[in-house]
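The values are calculated or read from the model by the stated rules, or taken from the named source; none is laboratory data. Just so you know, these numbers come straight off a predicted model, no measurement behind them. We place every Cβ from the backbone using ideal geometry, glycine too, and count neighbours over all the protein chains shown.
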Amino acid sequence: MPTPLFELRNLTKIYGGGLLGRQASAALDNFSLTFYEEEPKITTIAGESGSGKSTLANLALDFIHPTEGQIVYKGKDLGKMSRTERFNFRREVQAIFQDPFGTYNPFYKVDAVFDTVIGKFKLAHSKQEALKLTWAALEVVGLRPNEILGKYPHQLSGGQRQRIMVARAFLLKPRLIVADEPVSMVDASLQVRILDIFRDLKENYGISFLYITHDLSTAYQISDDIYVLYSGSVMENGNVDDVIQDPHHPYTQLLVSSIPVPDPDIRWEGRTTSSASELTVKAANNGCKFYQRCPHAMDRCTVSPPPAYPVGPSQFAACYLYADTQAAVVAIDRSPVGHVAS
């Protein structure tokens, strides 16, 4: 049996409510996912603005705390970790963010990015050893150290700055990297290069990725599996090839249809026009959150949220369209994609 590395167990994050009288809103609702020690993988969390992607990233990084559920690293609940265990978690679970410039202090040379990490985590015993580690990390991400070190952030391109952030994360030899929209602010050619680096880190160094994106084309390029979120809930998940090539949930179908294709004879319908947070159903008695936008909406969708139905060997869709094709309602253990618990 594979050993769990990182587990998100039934995470829910609710904002609002309380004494101020604001309406409570679930930014993330009962989400579960597991990464395994022996099976590094790239898992994508995809969806529109307001779907809960960044909330999930912040929860995974322990920047915010869940309203319900657990975050478990190497069998230990984050909320019950000792100072030493939390320190190790901070080292082994790293982050790469969207803005490759906002991460830097413009008054310091980029060398400080590496010096700070090396000093905080005591990775080297001498300046020479520290420089050797920095050079090695830069070379792993395809940068020439003599062209990077000694420069200020504004002297480097966006792609170089983002790859430095990947190198900084790699320096710590992490087991998991949470990458929140890491290529959304660089051009297409650099996107391909950075995503290739992610794949290389997974295959050659055993590093898993939680890849957060609104862009299904990059998800398809890099991922092993995918979770499609809408207003904090999973609409569909499974092997990325299955979900993108044969989407079953109406929301996933909508997202996939909005991906532009390089064929002038095929009309691109464009991106979806509304965010998940704008049109979430409010009068459906806790029913399906996609009800108001769904072309197949049924009365039963307003009563209770649909469970996740298996629609393929490793694919699940939370939609009543598939209820009548199943002998029974099947609840998914979302941790190991493709494993179903009865």
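Results, tabulated for the structure shown:
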| item | result |
| --- | --- |
| Pairs with Cβ under 8 Å, 6+ apart, first in the range 127-138 and surrounded by 13 or more Cβ atoms within 10 Å (Cβ to Cβ), second outside any helix (DSSP H, G or I) | ALA130/LEU123; ALA130/ALA124; LEU133/LEU123; LEU133/ALA124; THR134/LEU149; LEU138/ARG144; LEU138/LEU149 |
| Filtered residues of the range 211-224 (kept if of a type in the set (Asp, Glu) and at pLDDT below 95) | ASP215 |
| Count - residues of the range 77-106 that are within 27 Å of LEU195 (Cα to Cα), surrounded by fewer than 16 Cβ atoms within 10 Å (Cβ to Cβ) and aromatic (Phe, Trp, Tyr) | 1 |
| Hey, PRO153 modelled with pLDDT of 95 or more and either touching an Asp or Glu at 6+ places or on another chain (Cβ under 8 Å) or under 25 Å from ASP111 (Cα atoms) (or both) or not | no |
| Some residue of the range 183-191 being over 22 Å from ALA95 (Cα atoms) and of a type in the set (A, V, I, L, M) | no |
| Those strands (runs of 3 or more DSSP E) lying entirely in the range 15-97 with at least 2 residues without any contact (Cβ under 8 Å) to a residue 24 or more places away in the chain | 22-36 |
| Residue within the range 170-185 that is more than 26 Å from the chain's Cα centre (by Cα) and either free of Cβ contacts under 8 Å to residues at least 60 places away in the same chain or on the phi > 0 side of the Ramachandran plot (or both) present | no |
| Failed item in (1) surrounded by 17 or more Cβ atoms within 10 Å (Cβ to Cβ); (2) under 23 Å from ASN10 (Cβ atoms); (3) touching a Ser or Thr at 6+ places or on another chain (Cβ under 9 Å), with TYR73 passing the rest | (3) |
| Residue within the range 35-42 that is modelled with pLDDT under 95, surrounded by 13 or more Cβ atoms within 10 Å (Cβ to Cβ), touching a strand residue (DSSP E or B) at 6+ places or on another chain (Cβ under 9 Å) and closer than 21 Å to LYS289 by Cα present | no |
| Identity of the residue in the range 107-126, part of a loop (DSSP other than H, G, I, E, B) and surrounded by fewer than 14 Cβ atoms within 10 Å (Cβ to Cβ), that ends up modelled with the lowest pLDDT | PHE107 |
| The range 308-342 - residue that is over 22 Å from TYR36 (Cβ atoms) and surrounded by fewer than 17 Cβ atoms within 10 Å (Cβ to Cβ) and, of those, modelled with the highest pLDDT | ALA323 |
| Hits in the range 139-167 (condition: in contact (Cβ under 8 Å) with a residue 60 or more places away in the chain and charged (D, E, K, R)) | ARG161 |
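Residues are listed down the side, and each one gets a yes or a no for (1) at pLDDT below 90; (2) acidic (Asp, Glu); (3) under 23 Å from LEU133 (Cβ atoms):
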{"site": "SER157", "(1), (2), (3)": "yes, no, no"}
{"site": "GLN191", "(1), (2), (3)": "yes, no, no"}
{"site": "LEU201", "(1), (2), (3)": "no, no, yes"}
{"site": "PHE209", "(1), (2), (3)": "no, no, yes"}
{"site": "ILE226", "(1), (2), (3)": "no, no, no"}
{"site": "SER233", "(1), (2), (3)": "no, no, no"}
{"site": "PRO262", "(1), (2), (3)": "yes, no, no"}
{"site": "ARG267", "(1), (2), (3)": "yes, no, no"}
